[in-house]
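Notes follow the structure.
The values are calculated or read from the model by the stated rules, or taken from the named source; none is laboratory data. What you are looking at is a predicted structure, and each value in this text was computed from that prediction instead of being measured. Note that each Cβ is placed from the backbone with ideal geometry, even for glycine, and that neighbours are counted across all protein chains shown.
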Number of protein chains: 2
Amino acid sequence: MSEPMWKNGIIAVDWGTTNRRAWRLDRNGHSEAEFEDDQGITAIKTGGFPAAVGDVRQRLGDLPLLMAGMIGSNRGWVEAPYVPCPSGPAELARKLQQIPAERAAIVPGLSYHNGARADVMRGEEVQLFGAVAAGFSPPDALVCHPGTHNKWAVLEGGRVTSFRTVMTGEMFSLLSKHSILSQWLQTSVTVGEPFLAGVRQGMGGEALTAELFSVRAGVLLGVREAHEAASFTSGLLIGADVRTGLAGAPDTGDVIVMGRPELTRLYAAALAEAGREAREVDGERAFLAGIQALVKELP
Amino acid sequence: MSEPMWKNGIIAVDWGTTNRRAWRLDRNGHSEAEFEDDQGITAIKTGGFPAAVGDVRQRLGDLPLLMAGMIGSNRGWVEAPYVPCPSGPAELARKLQQIPAERAAIVPGLSYHNGARADVMRGEEVQLFGAVAAGFSPPDALVCHPGTHNKWAVLEGGRVTSFRTVMTGEMFSLLSKHSILSQWLQTSVTVGEPFLAGVRQGMGGEALTAELFSVRAGVLLGVREAHEAASFTSGLLIGADVRTGLAGAPDTGDVIVMGRPELTRLYAAALAEAGREAREVDGERAFLAGIQALVKELP
């Protein structure tokens, strides 16, 4: 996409599996209007993406579109192949999946493969590079990005050199909706002694499938309070997650925890329990900074 | 229940959450008739147990009933409080939950609590003591009982001294029905290199929530074959399960693996991968032997 195409501003879309969020940005990257709705990719019928994109323009203006997230997956609009790590914003910008007829482009996700282990991300890469560009994160850092699928990314010189996904959010959701623990997982999770006890237990490295059952047994035998079970269980999962993220990662410096505040708060508390300082970063601000950084890289 | 009550035989029922199985046994413990249906405790409405028990007698005869499993839970007919470990068949027989008006009794489950960790079982205890009584298991053994909630029980002198539950079966079911991996978990699980590779990986002790996501990433990146994902994932969960079961348990002797043959086969293969011999025992035969052993202990 040539420079002039963006001169009147753009629409940036973070288009995920179940939701999408869109912003109209002026030529300096300032947000002028935005909306969020439940039209994630699974809500769009086959062949329905041009209309869904039209709806975005209807609401925010007839501007070029720069999109990130699951919109670029094999279940999205147009597949944007993963860019292998190490990668920085320049590599991403070069591999934008252009859809010229629609004046649109999709940011590719990142992949990591070291022989033994494979991993993928879509959407978080924009926030990672945005956090560095905006100074929310140093260019060398361990970044934790909680969500349905938490990402631990190692940044070196502003580029992602490796990352690892832990499906903590999805697991908590599965357990609370469908498992034998569900009746005890409906209360809200708070940072307190039950949560921190769970974190310590989860960092101990026992199999989660064993630890989880003992939550149930503990309540049945009266060893654990039912109203503490949700926080303890969340702590268990996040403790195992933190153990995974810290393994093999740089062992000094603040850990950047980026995302929705109600999640970053839990991870910051778990990291403190593991002896690490956390710096919380708002995911939305990082996303918009990442979009700006990508626009600057465009040829 | 006095001795004469059993003199014309009994009906034994293994009454679980989703299914029940019942046998008419003659006074020597030989099965004369049986049935299995989907009238597990969750299928019985409040107040419906007398009728559900009447239905069992309608089909098998008007005999005293000895029942085990979730029928004795707080969601069952009459709660039979857990008997703490260590416990043998004599302790269970003394704590049978009598329902004299119905000529019925419920076998209590077992509990284990060592300060740090709590655990419970209901139904498997009958099979454990039956396996010893029938000579399927030595009186000192590590017994693995796969199912929705796999139990690892340490037997000493024919009594259960400790046990641990791992919710492997439930987790595989949650993942195959509701998770982001579900599309790849519909194929049948077989013992082969993908399964054994999963077992080795699962025994490595990394967080299952991290290992599971890399199954997805591996398929997306073409590093793993989609048709192998179910066996690999089952191997991951069973590997973590075996690691849990072997930790702190006697490190010599055959491991007794008791249950349904399609499950015991998988655990026997995983144990072999961990360097342990397994002896597979049919769970039904052990249950009937356990009922006989309990009847003998009755005052």
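Condition first: within 19 Å of B:Gly205 (Cα to Cα), of a type in the set (A, V, I, L, M, F, W, C) and part of a helix (DSSP H, G or I). Now tell me which residues in the range B:267-277 satisfy that.
In the first step, residues of the range B:267-277 are kept if they are within 19 Å of B:Gly205 (Cα to Cα); the result is B:267, B:269-276.
Checking the rest, the ones that are also of a type in the set (A, V, I, L, M, F, W, C) come to B:269-272, B:274.
Hits for the range B:267-277 are B:Ala269, B:Ala270, B:Leu271, B:Ala272.
State all residues of the range B:97-107 that are surrounded by fewer than 22 Cβ atoms within 10 Å (Cβ to Cβ) and on the phi < 0 side of the Ramachandran plot; if no residue qualifies, say none.
Listed by number, the residues that qualify are B:Gln97, B:Gln98, B:Ile99, B:Pro100, B:Ala101, B:Glu102.
With the condition kept exactly as written, say whether any residue in the range A:207-220 is over 21 Å from B:Lys151 (Cβ atoms) and in the same structural domain as A:Gly259 (by TED's automatic domain parsing).
The answer is no, given that none of the residues of the range A:207-220 is over 21 Å from B:Lys151 (Cβ atoms) and in the same structural domain as A:Gly259 (by TED's automatic domain parsing).
For residues in the range B:161-176 being in contact with a helix residue (DSSP H, G or I) (Cβ under 7 Å, 6 or more places away or on another chain) and within 7 Å of chain A (Cβ to nearest Cβ), which is surrounded by the fewest Cβ atoms within 10 Å (Cβ to Cβ)?
B:Leu174
Condition (residue is among the charged types (D, E, K, R) and farther than 21 Å from A:Ala278 by Cβ) applied to the range A:142-164: is it met by at least one residue? Can you show your working first?
Here is the first cut: in the range A:142-164, the ones among the charged types (D, E, K, R) are A:151, A:156, A:159, A:164.
Next, from what is left, pick out any that are farther than 21 Å from A:Ala278 by Cβ: A:159.
Among the residues of the range A:142-164, at least one is among the charged types (D, E, K, R) and farther than 21 Å from A:Ala278 by Cβ, which makes the answer yes.
Identify, from the list A:Arg117, A:Arg103, A:Arg57, A:Arg94, the residue that is within 14 Å of chain B (Cβ to nearest Cβ) and of a type in the set (Lys, Arg).
Unique residue meeting the criteria: A:Arg117.
Exactly one condition in (1) touching a Leu at 6+ places or on another chain (Cβ under 8 Å); (2) within 30 Å of A:Gly204 (Cβ to Cβ); (3) within 14 Å of another protein chain (Cβ to nearest Cβ) is false for B:Pro108; which is it?
Here B:Pro108 meets the rest and fails (2).
Can you find even one residue in the range B:183-197 that is within 12 Å of chain A (Cβ to nearest Cβ), surrounded by 24 or more Cβ atoms within 10 Å (Cβ to Cβ) and free of Cβ contacts under 8 Å to residues at least 60 places away in the same chain? Explain how you work it out, then say what you get.
Residues of the range B:183-197 within 12 Å of chain A (Cβ to nearest Cβ): B:183, B:197.
When the remaining residues are screened for being surrounded by 24 or more Cβ atoms within 10 Å (Cβ to Cβ), the result is none.
No; the residues of the range B:183-197 include none that is within 12 Å of chain A (Cβ to nearest Cβ), surrounded by 24 or more Cβ atoms within 10 Å (Cβ to Cβ) and free of Cβ contacts under 8 Å to residues at least 60 places away in the same chain.
Checking the condition among the charged types (D, E, K, R) and under 30 Å from B:Ala22 (Cβ atoms), which residue from B:Arg200, B:Arg224, B:Arg279 passes?
B:Arg279
So, in the range A:39-53, how many residues would count as being among the small types (Gly, Ala, Ser), under 18 Å from B:Ile180 (Cα atoms) and either in contact (Cβ under 8 Å) with a residue 40 or more places away in the chain or not in a loop (DSSP other than H, G, I, E, B) (or both)?
Number of matching residues: 1.
Of the residues in the range A:9-31, how many are touching an Asp or Glu at 6+ places or on another chain (Cβ under 6 Å), of a type outside the set (Lys, Arg) and not in a loop (DSSP other than H, G, I, E, B)?
Summing the residues that are touching an Asp or Glu at 6+ places or on another chain (Cβ under 6 Å), of a type outside the set (Lys, Arg) and not in a loop (DSSP other than H, G, I, E, B) in the range A:9-31 gives 1.
Across the range B:1-54, which residue is farthest from B:Leu92 (Cα to Cα) among those that are in contact with a Ser or Thr (Cβ under 8 Å, 6 or more places away or on another chain) and aliphatic (A, V, I, L, M)? Spell out how you get there, then give the answer.
Taking the range B:1-54 as the starting set, the residues that turn out to be in contact with a Ser or Thr (Cβ under 8 Å, 6 or more places away or on another chain) are B:17-18, B:23-25, B:38, B:40-43.
Remaining after also requiring aliphatic (A, V, I, L, M): B:25, B:41, B:43.
Working: B:Leu25: 20, B:Ile41: 22, B:Ala43: 27 Å.
By that ranking, first place goes to B:Ala43.
Of everything in the range A:20-53, what is acidic (Asp, Glu) and within 21 Å of the chain's Cα centre (by Cα)? Give them in sequence order.
Answer for the range A:20-53, where residues must be acidic (Asp, Glu) and within 21 Å of the chain's Cα centre (by Cα): A:Glu34, A:Glu36, A:Asp37, A:Asp38.
Tell me which of these A:Val215 doesn't satisfy, since it passes every other one: (1) of a type outside the set (Ser, Thr, Tyr); (2) assigned to a loop (DSSP other than H, G, I, E, B); (3) within 11 Å of chain B (Cβ to nearest Cβ); (4) crowded, with 20+ Cβ neighbours inside 10 Å.
(2)
Say we look at the range A:218-243 and pick out the residues that are surrounded by fewer than 24 Cβ atoms within 10 Å (Cβ to Cβ) and at the interface with chain B (Cβ under 7 Å from one of its Cβ atoms); which of these is farthest from B:Met167 (Cα to Cα)?
A:Arg243
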